[in-house]
């Protein structure tokens, strides 16, 4: 079963880190990736919220604004897509993410469109690997 592990942290922590602290943080993520290499299907860190653009459509009109959707203490910092047997394994992987130690990791199952008898949005029928 696939789960998305979204990492929320105060992004100022990385920006204010010394070069040594930043290197240690990146090393911790590398170790996480090596430990869970068999279940990670993808993942990336994200640039700071100052680089974000939010898009909304209201009454057929596209509204584009700079920055994140909402001001919060913790910002979406990155994610991993994992394929594990169950929620317990997803939670165990989430607990190993370095960002869980000073932020929050949300664990959410990926929709199983095939089980719903629906095509995967954005993919041609039969093209899913």
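Given R0 = 25 Å, the distance between the Cβ atoms of residue 28 and residue 1 translates into a calculated FRET efficiency of 0.45. Which parts of segment 1-24 would a label at residue 101 reach, counting a residue when its backbone N lies under 20 Å from a point 7 Å out along Cα-to-Cβ? Label zone hits: 5-24.
Ranked by Cβ crowding within 10 angstrom, fewest neighbours first, how are 63, 5, 26, 76 ordered?
Result, fewest neighbours first: 63, 26, 76, 5.
Could you grab the relative contact order for segment 2-109? Cα pairs under 8 Å, six or more apart, rounded to a whole percent.
Working: 158 pairs, mean separation 53.6, N = 108.
Relative CO of segment 2-109 lands at 50 percent.
What separates the Cα centres of segment 96-114 and segment 2-65 is a distance of 12 Å.
Remark: 27, 10 ranked as 27, 10, counting other beta-carbon atoms within 10 Å and listing the fewest first.
Quick one: if the Förster radius is 30 Å, what FRET efficiency do residue 50 and residue 112 give, using the C-beta to C-beta distance and rounding to 0.05?
Values: r = 36 Å, r/R0 = 1.19.
Between residue 50 and residue 112 the formula returns 0.25.
Readers should treat all values here as calculations from the given coordinates under stated rules, not as data from a laboratory. What you are looking at is a predicted structure, and each value in this text was computed from that prediction instead of being measured. Don't worry about glycine lacking a Cβ; one is built from the backbone with ideal geometry, like all the others, and counts go over all protein chains shown.
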